[in-house]
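The values are calculated or read from the model by the stated rules, or taken from the named source; none is laboratory data. In this text, all values refer to a predicted model and were calculated from it rather than measured experimentally. Positions of Cβ are backbone-derived with ideal geometry, glycine not excepted, and every protein chain shown enters the neighbour counts.
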Ligand code: AMP
C-alpha cells in the first residue's frame with residue numbers, strides 16, 4: 001500500500017557544479033510521477049527545483065508549487081503546474097509546504113535548502129510532527145552535514161530520545177522505498193495527520 005501521497009522536496013535554486021545533481025533531481029521527479037506521489041516544492045523554475053518539477057510534470061505527475069510573491073520573478077515561478085499557491089511571505093510558504101506534505105526529502109542545495117531541512121528536523125525533534133525526513137545523500141553531498149550530526153551526538157548535544165530524526169538514502173531509487181519503510185507503525189497517513197500538530201501550535 002502506498003501510504004505517502006505527497007513528498008515535499010527541498011533542493012537548490014541553483015543547478016550545482018556537478019551535472020549528476022541535475023540528473024538526480026530529474027530522476028526523482030520521474031520516480032514520484034511513476035509512484036503516483038505528488039511533488040510539493042518551492043515553486044521555482046530554476047536550478048534543481050525547476051528540474052525536479054519539470055521532470056515530474058513531463059512524466060505525468062502532480063506538482064504543487066508554493067512560492068512567496070516576492071520570489072515569483074527571482075525564482076522564475078513555474079506556472080504550468082496543477083496547483084500553485086502564491087503566499088504573502090516565507091512563513092506562509094513553509095507552513096503550506098508542511099501542511100501539504102506527508103514526508104520531506106532534501107536533495108543537494110544551498111542555505112535555503114539547509115534551512116528548510118533543519119527546520120523540519122527541529123520540529124520533529126520537539127515532537128511537533130512525525131513525518132519522515134529523508135536526507136538524500138546523493139554522491140555524498142550531505143556527508144559533511146551527517147558528520148556534523150554525528151559530532152553533535154558524540155559531544156552530547158543530541159540528547160537520548162531527541163536524536164536527530166532523519167533517515168538517509170544514497171541513491172535516487174532508494175528514496176521512496178526508504179520513506180515507505182520508515183512508516184511501519186502508521187496504518188495510513190490520514191490517521192497520522194491527527195498526530196501532527198497544527199503549525200500554529202509549533
Ligand atoms: P537554496 O538552497 O539557497 O538555493 O534555496 C532553495 C530554496 O529555499 C529557494 O526556493 C529559496 O527561496 C528557499 N529559501 C531560501 N532561504 C530560505 C529560508 N530561510 N527558509 C526557507 N526557505 C528558504
Completion exercise
Across segment 89-128, the tally of residues that are over 19 Å from residue 167 (Cα atoms), more than 13 Å from the ligand (Cβ to nearest atom) and not in a helix (DSSP H, G or I) stands at 1
Problem - Every residue from segment 6-26 that is under 15 Å from the mean Cα position of the chain (by Cα) and either within 12 Å of the ligand (Cβ to nearest atom) or more than 17 Å from residue 66 (Cα to Cα) (or both) - result: 8, 9, 10, 11, 12, 13, 24, 25, 26
Exercise for the section: Please work out if residue 112 is out of contact with any helix residue (DSSP H, G or I) (no Cβ under 7 Å at 6 or more places or on another chain), surrounded by fewer than 19 Cβ atoms within 10 Å (Cβ to Cβ) and at pLDDT below 95. Expected result: no
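Report whether or not residue 34 is out of contact with any helix residue (DSSP H, G or I) (no Cβ under 8 Å at 6 or more places or on another chain), in a loop (DSSP other than H, G, I, E, B) and modelled with pLDDT of 95 or more.
Against the criterion (out of contact with any helix residue (DSSP H, G or I) (no Cβ under 8 Å at 6 or more places or on another chain), in a loop (DSSP other than H, G, I, E, B) and modelled with pLDDT of 95 or more), residue 34 does not qualify.
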Fill in the blank from the handout: residue 77 meets each of (1) modelled with pLDDT of 95 or more; (2) more than 13 Å from the chain's Cα centre (by Cα); (3) more than 10 Å from the ligand (Cβ to nearest atom) with one exception, condition (1)
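From the list 50, 16, 61, which residue is part of a loop (DSSP other than H, G, I, E, B), crowded, with 19+ Cβ neighbours inside 10 Å and in contact with a strand residue (DSSP E or B) (Cβ under 8 Å, 6 or more places away or on another chain)?
That would be 61, the only listed residue that is part of a loop (DSSP other than H, G, I, E, B), crowded, with 19+ Cβ neighbours inside 10 Å and in contact with a strand residue (DSSP E or B) (Cβ under 8 Å, 6 or more places away or on another chain).
Let's see how each residue does on (1) in contact with a helix residue (DSSP H, G or I) (Cβ under 8 Å, 6 or more places away or on another chain); (2) more than 14 Å from residue 49 (Cβ to Cβ); (3) crowded, with 20+ Cβ neighbours inside 10 Å:
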residue: 65; (1), (2), (3): yes, no, yes
residue: 68; (1), (2), (3): yes, no, yes
residue: 86; (1), (2), (3): yes, yes, no
residue: 90; (1), (2), (3): no, yes, no
residue: 107; (1), (2), (3): yes, no, yes
